[in-house]
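K.L.:
Sharing a structure here in C-alpha cells format.
Any read-out appearing in this document is the output of simple, stated calculations on the displayed coordinates, not a laboratory observation. Please read all numbers here as calculations on a predicted model, not as lab measurements. Heads up, the Cβs are rebuilt from the backbone with ideal geometry, glycines too, and the neighbour counts pull from every protein chain shown.
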Amino acid sequence: MKFLAPLLFPFAVLYDAITSVRNRLYDTGVKPVARFDVPIISVGNLSVGGTGKSPMIEYLIRLLSPEWKVATLSRGYGRKTKGIRIASNDDNAATLGDEPFQFYQKFKGRVVVSVGEERALAVPYLMDEHPEVGVVLLDDAFQHRRVKPSFQILLTDFNRLFVKDYLLPAGRLRESKRGASRADAIVVTKCPPHMTEDDMIAIEGAIRKYSSKAVFFTRICYGNMLSITASAPYKPRKVILVSGIANPKPLEEYVRTNYDLQQHISFADHHVYSTADLKKICHAAARANAVVVTTEKDMVKMDPDIFRKEGVALHYLPIEIEFLKNGKEFDEMVLNAVRSHAK
C-alpha cells in the first residue's frame with residue numbers, strides 16, 4: 001500500500017486541517033474539557049493499530065493497586081452493548097470488548113473495569129457507583145480531549161514510530177505528530193531486547209522534534225505457556241498459533257524461535273471467533289498433531305468446550321512489559337502525578 005501514499009497525500013493534508021482545528025478548539029477552551037477530583041492516567045497513541053496499550057494498562061494496575069483502588073475505563077471496542085457498563089460476573093467479551101474483559105478476568109476483585117464511549121460521562125458514573133476508586137486508567141484516550149488527565153502516556157511502536165509515519169489516509173496517524181507535545185511521558189514499545197544505547201539516543205533525538213518530555217523504552221516479555229484450564233507451565237513440541245491482533249509479527253517470531261510452529265492462523269484485530277472458526281482451528285491442530293496457542297486477548301473470546309470436544313489442547317501466552325532502562329524513573333513520575341492530584 002506504500003505506493004498509494006503519494007496519491008493519498010492531499011487527503012492527508014485535509015485530514016490534518018480538520019484534526020488541527022479540533023485540537024485548537026480544545027487548547028483554547030472553546031470546546032469544554034471535564035476535570036475531575038479523582039486522578040486520571042491516560043494511555044494512548046497517535047496512530048491506529050496496536051502499540052501495546054493493554055500491557056501498559058496492566059503494568060499500571062500492578063504499579064498503582066498496592067496504594068489505591070484502581071479502575072479502568074475503555075471505550076469497549078467491538079462490544080455488542082452501548083453506553084456505560086461496569087463489569088460483573090455476567091459479562092463476557094461480547095458485552096465489554098475483548099481487552100476490558102481480559103482486564104476483568106485477570107484482575108477480578110482487585111480492579112473496577114468499566115466501558116463507555118463518552119468518558120466525560122462515564123467517569124462521574126463510575127465514581128458514583130464506586131466511590132472507593134482512587135485512580136482511573138483511561139485506555140486508548142489520547143485523542144479523547146473531553147477529559148483532562150492528570151498524567152498522559154503516549155505509546156509508539158518501535159517498528160512503527162510515529163516520527164516516521166504520515167497522517168491518515170496516507171499513513172497511520174490519527175493526528176499530527178505535533179500532538180505528541182500533549183504527552184507527559186513517551187514510551188517506545190516492543191523494542192528488541194538487546195537494543196543499543198545508540199539506537200535509543202537516535203530515536204529519542206527524533207522524538208525531541210515534537211516533545212521535550214521524558215522518553216522510555218520497553219520490550220515485551222512472554223511468560224510460560226498456560227492452559228486455560230490449568231496454571232502449570234507447559235512446553236509442547238508442536239503448536240498452531242492463532243492470533244487476532246494488530247501486529248502479530250513479534251508474536252510469531254517468538255513462537256517460531258521457542259516452539260515448533262506448524263502454522264500461524266492470523267485474523268484481523270479484535271476478531272470475534274465463531275464456532276466454525278474454532279472448529280477449523282481444531283481440525284488444523286489435529287492434522288498437525290499440535291496444540292493451539294493464542295494470546296490472552298484472543299483467549300477470552302474462545303469457547304474452551306469446543307476444544308475439549310474436539311480433543312485439542314488450548315493454551316495462551318501471557319505477556320508483560322519490561323523497561324529497558326529508567327523504569328523506576330517512570331514509576332515515580334506516575335506515582336507522583338497521582339499523589340499530587342489526590343492531595
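K.L.:
For the stretch 89-191, what mean projected area does the convex hull of the alpha carbons give, in nm²? Don't skip to the answer; put the middle values down first.
P.N.:
Values: hull surface 33.1 nm².
Hull-based average projected area comes out at 8.3 nm².
K.L.:
Under a 10 Å cutoff between Cα atoms, tell me which one of ASP199, ASP140, ASP303 has the largest fluctuation in the Gaussian network model of the chain.
P.N.:
ASP199
K.L.:
At a 10 angstrom cut-off on C-beta neighbours, averaged per residue, how do the peptides 192-198, 269-275 rank from highest to lowest? Write down the numbers at each step before the final one.
P.N.:
Numbers: 192-198: 10.3, 269-275: 15.1.
The most tightly packed comes first, giving 269-275, 192-198.
K.L.:
Still on this structure, I have one more. Rounded to two decimals, what is Rg over Rh for the stretch 184-343 when you use alpha-carbon atoms and the Kirkwood radius?
P.N.:
Numbers: Rg = 19.5 Å, Rh = 18.0 Å.
Using only Cα positions, Rg/Rh for the stretch 184-343 is 1.08.
K.L.:
Further, regarding this structure: Can you tell me the order of 126-135, 167-176 when each peptide is scored by its average per-residue count of other Cβ atoms within 10 angstrom, highest first?
P.N.:
In decreasing order of mean packing, 126-135, 167-176 become 167-176, 126-135.
K.L.:
Just the C-alpha atoms of the chain: what Rg/Rh do they give, with Rh taken as the Kirkwood radius?
P.N.:
Computed over Cα atoms, the ratio is 0.97.
K.L.:
Now a separate question. Identify, among VAL115, LEU63, ASN258, the residue whose Cα sits farthest towards the positive end of the charge dipole of the chain, taking +1 on the Cβ of Lys and Arg and -1 on the Cβ of Asp and Glu, with the dipole about the Cα centre.
P.N.:
So the residue furthest toward the plus end is VAL115.
K.L.:
Could I ask something else about it? Mind giving me the nanometre distance, one decimal, between the label points for SER227 and ARG287, set 7 Å out from Cα along Cα→Cβ?
P.N.:
2.6 nm
K.L.:
Rounded to the nearest 20 Debye, what is the dipole magnitude of the chain about its Cα centre when Lys and Arg each give +1 and Asp and Glu each give -1 at the C-beta?
P.N.:
Numbers: 48 positive and 39 negative charges, 119 e Å.
Around 560 debye, computed over the chain.
K.L.:
Also, I was wondering about something else. Taking the 0 to 90 degree range and rounding to the nearest ten, how far is the long axis of helix 275-288 tilted relative to the main principal axis of the chain, both from C-alpha atoms?
P.N.:
Approximately 60 degrees, to the nearest 10.
K.L.:
If the reach is capped at under 19 angstrom between alpha carbons, list the aspartates and glutamates near LYS164, excluding any in the same chain fewer than eight residues apart.
P.N.:
ASP16, GLU175, ASP198, ASP199, GLU204
K.L.:
Further question: Kindly state, to the nearest 0.05, the FRET efficiency for GLU197 paired with ARG62, given R0 = 22 Å and r defined as their beta-carbon distance. Show your work: numbers first, answer last.
P.N.:
Numbers: r = 27 Å, r/R0 = 1.24.
Efficiency at R0 = 22 Å is approximately 0.20.
K.L.:
Still on this structure: May I ask you to give the average projected area over all directions of the convex hull of the Cα atoms of the stretch 1-67, in nm² rounded to one decimal?
P.N.:
Working: hull surface 28.3 nm².
Mean projected area of the Cα convex hull: 7.1 nm².
K.L.:
While we're looking at this one, here's another question. Report the antiparallel proportion of the DSSP beta bridges in the chain as a percent, rounded to a multiple of 5. Mind dumping the intermediate values first?
P.N.:
Numbers: 10 of 54 bridges.
Counting DSSP beta bridges with both partners in the chain, the antiparallel share is about 20 percent.
K.L.:
Which angle between 0 and 90 degrees, to the nearest 10, do you get for helix 249-258 versus the longest principal axis of the chain when only C-alpha atoms count?
P.N.:
Value to nearest ten degrees: 40.
K.L.:
For a label point 7 Å from the Cα of LEU14 along Cα→C-beta, name the residues of the stretch 165-181 whose backbone N is under 11 Å from it.
P.N.:
So the set is 169.
K.L.:
Would you list, by chain and number, the lysines whose Cα falls below 23 Å from the Cα of LYS297, excluding same-chain residues fewer than 8 positions away?
P.N.:
Within the straight-line limit of under 23 Å, LYS297 reaches these lysines: LYS53, LYS80, LYS82, LYS106, LYS108, LYS190, LYS235, LYS238, LYS249, LYS279, LYS280, LYS309.
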